[in-house]
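Engineer: Below you will find the structure I want to go over with you.
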Amino acid sequence: MAIRFQFNKTSLNDLDKNLKVRQKALPTIKNKESALRVEVKKAKADAERLNQLLNADIEKYNEMSRLFNEFEASLLTVEDVDLAFVKIAGVRIPVLKNIRFHEDEFNLFYGPFWYAEGIQILKNLASLGIESEVYMYKMRLLDASRKKTTQKVNLYEKVQIPGYIEAIRKIKRFLEDEENLSKSAQKIVKQRQAEEAAQ
């Protein structure tokens, strides 16, 4: 990205202001990036932990899977998932508050005796799966924000700040050269005037 400027003091002042803004903002943006990096790792670890728990529970109940062929799917449904949103390093992140299930009533005398326990098992598995998905979503949001922040850090560090410094240096050189030429021209004029006055 080429920085546009003119060879005058107004442009020099504008560039200097922009440079100072970026130099002051850079540490804050770097801190945001490192905070997001930590949060992404936490969310990923939590999602993996919950997935492992879910897989372990599924494996534990694997022998009962034949029984679940008899289970009526309509007995248990997820009615709603309550989420709250918090801000982490300026990013709105979902936090799981509650999972509401809807249980259809069934007759304990006519239905299999294990339905009540089966409903609890399914609630547990569904809760783990939903919570894992919330953490995965959280991780994706944080990671996308971290990537944008990293791009901004790189833009400031590697492109804009060096570009502004270079532009300021060029303008200062130009203005110094112009001033030196002006002084030299004034000296030459004075010498000519002095020579003419002497003649």
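Engineer: Counting just the residues of the range 6-25 that are charged (D, E, K, R) and more than 12 Å from LYS172 (Cα to Cα), which one comes out most open to solvent (accessible area, probe 1.4 Å)?
Structural biologist: Let us first name the residues in the range 6-25 that are charged (D, E, K, R), namely 9, 14, 16-17, 20, 22, 24.
Now narrow it down to the ones that are more than 12 Å from LYS172 (Cα to Cα): 14, 17, 20, 22, 24.
Numbers: ASP14: 78, LYS17: 135, LYS20: 110, ARG22: 42, LYS24: 160 Å².
Among those residues, the one meeting the criterion is LYS24.
Engineer: Looking for something of a type in the set (Asp, Glu) and under 20 Å from the mean Cα position of the chain (by Cα) - is there at least one such residue anywhere in the range 137-150?
Structural biologist: Taking the range 137-150 and keeping what is of a type in the set (Asp, Glu), we get 143.
Those still in the list that are under 20 Å from the mean Cα position of the chain (by Cα) too: 143.
Taking every residue of the range 137-150 in turn, at least one turns out to be of a type in the set (Asp, Glu) and under 20 Å from the mean Cα position of the chain (by Cα).
Conditions tested, residue by residue: (1) out of contact with any helix residue (DSSP H, G or I) (no Cβ under 9 Å at 6 or more places or on another chain); (2) among the charged types (D, E, K, R); (3) at pLDDT below 95.
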{"residue": "ILE3", "(1), (2), (3)": "no, no, yes"}
{"residue": "SER11", "(1), (2), (3)": "no, no, yes"}
{"residue": "LEU15", "(1), (2), (3)": "no, no, yes"}
{"residue": "LEU19", "(1), (2), (3)": "no, no, yes"}
{"residue": "PRO27", "(1), (2), (3)": "yes, no, no"}
{"residue": "ALA43", "(1), (2), (3)": "no, no, yes"}
{"residue": "ALA47", "(1), (2), (3)": "no, no, yes"}
{"residue": "GLN52", "(1), (2), (3)": "yes, no, yes"}
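Engineer: Do we have any residue at all in the range 118-136 that's assigned to a helix (DSSP H, G or I), among the charged types (D, E, K, R), within 29 Å of GLU39 (Cα to Cα) and within 23 Å of the chain's Cα centre (by Cα)? I'd like the intermediate steps shown before the answer.
Structural biologist: Within the range 118-136, the first condition is being assigned to a helix (DSSP H, G or I), and the residues that meet it are 118-136.
Next cut, among the charged types (D, E, K, R) only: 123, 131, 133.
Narrowing further to those that are within 29 Å of GLU39 (Cα to Cα): 123, 131, 133.
This time we only want the ones that are within 23 Å of the chain's Cα centre (by Cα), so: 131, 133.
Checked against the condition, which is being assigned to a helix (DSSP H, G or I), among the charged types (D, E, K, R), within 29 Å of GLU39 (Cα to Cα) and within 23 Å of the chain's Cα centre (by Cα), the range 118-136 yields at least one hit.
Engineer: Looking at the range 174-191, I want the residues that are within 18 Å of GLN6 (Cβ to Cβ) and have a partner that is open to solvent by 90 Å² or more (accessible area, probe 1.4 Å) with Cβ atoms under 9 Å, at least 6 apart or on another chain. Which pairs are those?
Structural biologist: Cβ pairs passing all conditions: PHE174/PHE7; LEU175/PHE7; LEU175/LYS9; GLU178/PHE7.
Engineer: What about ASP143, is it modelled with pLDDT under 90 and either open to solvent by 30 Å² or more (accessible area, probe 1.4 Å) or among the aliphatic types (A, V, I, L, M) (or both)?
Structural biologist: For ASP143, the condition - modelled with pLDDT under 90 and either open to solvent by 30 Å² or more (accessible area, probe 1.4 Å) or among the aliphatic types (A, V, I, L, M) (or both) - is not met.
Engineer: Inspect the range 149-167 for any residue being more than 30 Å from LYS41 (Cβ to Cβ), open to solvent by 40 Å² or more (accessible area, probe 1.4 Å) and not charged (D, E, K, R) and give the result as yes or no.
Structural biologist: yes
Engineer: Could you tell me whether any residue of the range 100-117 is under 31 Å from the mean Cα position of the chain (by Cα) and modelled with pLDDT of 90 or more?
Structural biologist: Looking for residues that are under 31 Å from the mean Cα position of the chain (by Cα) and modelled with pLDDT of 90 or more, one finds at least one in the range 100-117, hence yes.
Engineer: While we're on this one: Looking only at residues that are surrounded by 16 or more Cβ atoms within 10 Å (Cβ to Cβ) and either in a helix (DSSP H, G or I) or under 31 Å from the mean Cα position of the chain (by Cα) (or both) in the range 54-80, which one is modelled with the highest pLDDT?
Structural biologist: The extreme case among them is LEU54.
Engineer: Another question, then. Could you please tell me which pairs satisfy a Cβ distance under 9 Å, a separation of 6+ or placement on different chains, a first residue in the range 156-167 that is within 14 Å of LYS17 (Cβ to Cβ), and a second residue that is in a helix (DSSP H, G or I) and of a type in the set (Gly, Ala, Ser)?
Structural biologist: Partner pairs satisfying both residue conditions: ALA167/SER11.
Engineer: Among the numbered criteria (1) β-branched (Val, Ile, Thr); (2) surrounded by fewer than 11 Cβ atoms within 10 Å (Cβ to Cβ); (3) outside any helix (DSSP H, G or I), which single criterion is violated by ILE3?
Structural biologist: Result: ILE3 passes all but (2).
The values are calculated or read from the model by the stated rules, or taken from the named source; none is laboratory data. These numbers were taken from a predicted model, which means no experiment stands behind them. Backbone-built Cβ (ideal geometry, glycine too); neighbour counts: all protein chains shown. Protein only, heavy atoms only, side chains kept; ligands, DNA and RNA dropped before computing areas. Shrake-Rupley method; radii C 1.70, N 1.55, O 1.52, S 1.80 Å.
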